Amino acid sequence: MIGVVGAGAFGTALAIALGRDAREVRLWAREDAHVQAMRRERTNAARLPGIDFPESVSVTADIVELADAEAVLLAVPMQSLDGVLGRNSDALNGLPLVACCKGLDLATGQGAVALVQTHCPRSVAAVLTGPSFAADIAKGLPTALTLACADEAAGLQYQLSTATLRLYRTTDVIGAELGGALKNVIAIAAGAVIGAGLGDSARAALMTRGYAEMLRFALRLGARAETLAGLSGFGDLVLTCTSLQSRNLRFGMALGSGEPFDPTVTVEGAATAVAVATMAKSMAVDMPIAQMVAALINHEIPLDHAIRSLMSRPLKQE
């Protein structure tokens, strides 16, 4: 049995994909009313309307019911992960735990695997990341992701792959985590460029320079360059900066156009930008795009000033 903690769109999509492959899946949701509705309707109408649960997917509000899981997917927002692990460490400690969120914890600057290891030191900790949208996974559309785990013998790659969900394994946890975190920051900037009407050529330039920033920051923290060139870095960057399914892109477009954005929508890159900007400054790593995004989010500078500051940077060799 595979456990899934978090009945948002992504957690639900993973449960459906695994269940469609005839795996027994137990999906945990925090609110009992939500659980009852999903049991009754056999769908998550609030997050993935129109996609029914396979028979092998069950839903629970009691996290203890995941105690016999072969692996547990932690599909909660990055800024909620620390609290979820802290409240449920007794039930989860010792189980293989796979974080499915992207970003850095704003309070600690840590990635998801470090948080898992802090709260559940007896667990094998891994992260699942890469170019993917919940709706595509739930519909059974072909998707390839990176599964990063320091323990190559954990066997999670085979437990979690399906006919339409292909996982590529790496031991570079830092690289996979940072690729998934940093690309969201660049996607906000790409959205701001489009929202401000600067065009696709400007977006392409920003993505390219943003990728250079991602490499500088990640390599400084011990990541491998080939990881950032793979699914969890470059692949996810392309998807997130170009598809309107991306919440980070849409948030950036709202920033660039001055339009309001739904505050109930989780935008992982917003908190990540603030955390990364702070870390980059302390490490003396040049991150002008991340710094710009953080300043925009904190309402420290107007958009036109941010764009002028980027365009007036010293000319240099690429």
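Contact annotation: residue pairs with Cβ atoms under 8 Å, 6 or more positions apart or on different chains, pairing a residue in region 1-15 that is farther than 14 Å from Ser80 by Cα with a partner that is in a helix (DSSP H, G or I) and modelled with pLDDT under 95, are Ile2/Gln159.
Yes or no, residue by residue, for (1) surrounded by fewer than 22 Cβ atoms within 10 Å (Cβ to Cβ); (2) over 21 Å from Arg203 (Cα atoms); (3) within 19 Å of the chain's Cα centre (by Cα); (4) modelled with pLDDT under 95:
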residue	(1), (2), (3), (4)
Phe217	no, no, yes, no
Ala223	no, yes, yes, no
Val238	yes, no, yes, no
Gln245	yes, no, yes, no
Glu318	yes, no, no, yes
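One residue alone among Arg122, Arg220, Arg203 is of a type in the set (D, E, K, R) and either on the phi > 0 side of the Ramachandran plot or touching a Leu at 6+ places or on another chain (Cβ under 9 Å) (or both), and that residue is Arg122. Whenever a residue of region 50-77 is among the charged types (D, E, K, R), its partners that are part of a loop (DSSP other than H, G, I, E, B), lying with C-beta atoms within less than 8 angstrom and at least six residues away or across chains, give the pairs Asp52/Arg42; Asp68/Met1; Glu70/Met1; Glu70/Pro96.
In this structure, does Ala176 turn out to be assigned to a helix (DSSP H, G or I) and not assigned by TED's automatic domain parsing to the domain that holds Asn248? Yes: the conditions hold for Ala176.
Quickly run through region 112-125 and pick out the residues that are more than 13 Å from the chain's Cα centre (by Cα) and under 19 Å from Glu268 (Cα atoms). Within region 112-125, Ala114, Leu115, Val116 meet the criteria. For region 65-84, the count of residues that are at positive phi and touching a Ser or Thr at 6+ places or on another chain (Cβ under 9 Å) is zero.
For region 102-113, check the following and say yes or no: at least one residue is over 22 Å from Ala275 (Cβ atoms) and among the charged types (D, E, K, R). Spell out how you get there, then give the answer.
Of region 102-113, the ones over 22 Å from Ala275 (Cβ atoms) are none.
For region 102-113, residues over 22 Å from Ala275 (Cβ atoms) and among the charged types (D, E, K, R): absent.
Of the strands (runs of 3 or more DSSP E) entirely within region 1-61, those holding at least 1 residues that are at pLDDT 95 or above, over 22 Å from the mean Cα position of the chain (by Cα) and of a type in the set (S, T, N, Q) occupy 57-60. Applying the condition of being part of a loop (DSSP other than H, G, I, E, B) and hydroxyl-bearing (Ser, Thr, Tyr) to region 252-310 and asking which residue is farthest from the chain's Cα centre (by Cα) yields Thr264.
The values are calculated or read from the model by the stated rules, or taken from the named source; none is laboratory data. Note that this is a predicted model, so its numbers are computed, not measured. A quick note on method: Cβ atoms are made from the backbone with ideal geometry, for glycine too, and the neighbour counts reach across all protein chains shown.
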